[in-house]
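Reading through the structure tokens given below for one structure.
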Amino acid sequence: MQLRYNFRLYPAPGQQIALARAFGCARTVFNDGLRARQEAHAAGLPRISDGELSKRVITQAKKTPERAWLSEVSAVVLQQALADLNTAYRNFFASISGKRKGAKIAPPRFRSKRDNRQAVRFTRNARFSITPGGKLRLPKIGDVPVRWSRDLPAEPTSVTVVKDAAGQYFASFVVETSNQPLPESAAEVGIDLGLTHYA
């Protein structure tokens, strides 16, 4: 079972600049991937595979003068931005085909730097870590102070760094835990349903 734990981050001014760069690069890759898929669809071409899309908007794009700055951030951040796009498309198609329950989902939309929420995700491949001093070590960003309100029950599998509309930063950790039932209790429990019913 996966659980999510959120904590406040306090990046230094230089780290805020590095995070802004990461947000911007992730947004660019997402938008480039979305544009490539839309243009292929409009031209009547086959769907671009996930691997081909990654090659176009990350690997090959880094070699061009217009996108060379994508190399300034962790490659995992860029890969996760494309993974988000692929997930958004899968959810959209599952929604319109009826495979996904609930309200219909809109197709993916372009991201903007004016969006209220900016986020980047680091997986274990990115080699993020929690230092002995309790800071969050992020590749190409540094050791960011965290306000820990509780301990994590296990090693996190990923962390998403979020900047909200108020300009505050948060770390959202995903932790895998075993789905074990609570221990049995010998005590009796009563439930009060009101004045007209008895439990």
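In the range 115-133, what residues are within 10 Å of the chain's Cα centre (by Cα) and either surrounded by fewer than 20 Cβ atoms within 10 Å (Cβ to Cβ) or among the aliphatic types (A, V, I, L, M) (or both)? Hits for the range 115-133 are 119, 120, 123. Restricted to the range 106-155, and to residues there that are in a strand (DSSP E or B) and basic (Lys, Arg), the residue that is nearest to residue 9 (Cα to Cα) is 147. Filtering 68, 83, 61, 94 for residues that are small (Gly, Ala, Ser) and modelled with pLDDT under 95 leaves a single hit, 94. Checking each residue in the range 1-51 for being among the β-branched types (Val, Ile, Thr) and loosely packed, with under 14 Cβ neighbours inside 10 Å picks out only 17. For the range 6-40, a residue qualifies if it is small (Gly, Ala, Ser) and not in a helix (DSSP H, G or I), and exactly one does: 12.
Listed here are the residues, each with its yes/no results for (1) touching a residue at least 12 places away in the same chain (Cβ under 8 Å); (2) polar (S, T, N, Q); (3) out of contact with any Lys or Arg (no Cβ under 8 Å at 6 or more places or on another chain).
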position	(1), (2), (3)
81	yes, no, no
89	yes, no, no
95	no, yes, no
102	no, no, yes
105	yes, no, yes
112	yes, yes, no
117	yes, no, no
120	yes, no, yes
131	yes, yes, no
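For the range 81-105, a residue qualifies if it is of a type in the set (Val, Ile, Thr) and assigned to a helix (DSSP H, G or I), and the qualifying residues are 87, 96.
Against the definition (more than 22 Å from residue 177 (Cβ to Cβ) and surrounded by 15 or more Cβ atoms within 10 Å (Cβ to Cβ)), how does residue 112 come out, yes or no? In short, no.
The values are calculated or read from the model by the stated rules, or taken from the named source; none is laboratory data. Everything quoted here is computed from the prediction, not taken from an experiment. Glycine gets a Cβ as well: all are built from the backbone with ideal geometry, and neighbour counts include every protein chain shown.
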